[in-house]
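Let me begin by presenting the structure, written as structure tokens, before commenting on it.
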Amino acid sequence: MRKDLTMEKELKKNLFYNTVWTAFLALFGAIYELFSHGVTSYYMIYAFAVPLIMGVLPYEIMLSINKYPGRKFADIWNTAIATLSVGCVFKGVLEIYGTTNRLIIVYPIAGTILILISFLALQDMFPHNFFAKR
């Protein structure tokens, strides 16, 4: 029971921080677009959607149905959210500036790898090992 209360507290904290991060990115994108002299980037405009869809919504659902993943999952998942968000902002800045960078591909690749690792960390939640031979 104690572990559930601790994880519930962690999820509420993650929900709060993802909500703040979503609001910050929405405000940052709006201000950046305002001063971009008419040049727009969908990556910058919609960068707030990453923490909203991957952070706020899943954590809200987990809290509402009382399902708490392990701490490893939450930490790796939050790192994936941050990686993808920063990648969107960086890609948006480059598009508005009118240049490209071939290293921008690192962000979606790293974010995808972190998402996969976080799902592997979910394995700790289950009482049996899905990967064991039967």
Filter segment 7-53 down to residues that are at pLDDT 90 or above, within 22 Å of I115 (Cα to Cα) and touching a Gly at 6+ places or on another chain (Cβ under 9 Å), then give me how many there are. 13
Across segment 46-81, what is the number of residues that are part of a helix (DSSP H, G or I) and without any contact (Cβ under 8 Å) to a residue 40 or more places away in the chain? 14
Could you pull out the residue among G92, G55, G111, G70 that is within 19 Å of T6 (Cα to Cα) and buried (at least 18 other Cβ atoms within 10 Å of the Cβ)? G55
Scan of segment 12-51 for residues that are of a type in the set (A, V, I, L, M) and surrounded by 19 or more Cβ atoms within 10 Å (Cβ to Cβ), ordered by number: L25, M44, A47, V50
Would you confirm, using the coordinates I've provided, whether N101 is within 13 Å of M7 (Cα to Cα) and polar (S, T, N, Q)? no
Segment 25-44 residues that are of a type in the set (D, E, K, R), paired with ones that are assigned to a helix (DSSP H, G or I) (beta carbon under 9 Å, 6 or more apart): E33/M44; E33/I45; E33/G92; E33/I96
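The values are calculated or read from the model by the stated rules, or taken from the named source; none is laboratory data. All values reported here derive from a predicted model rather than from experimental measurement. Positions of Cβ are generated from backbone atoms using ideal geometry, with glycine treated the same way; all protein chains shown enter the neighbour counts.
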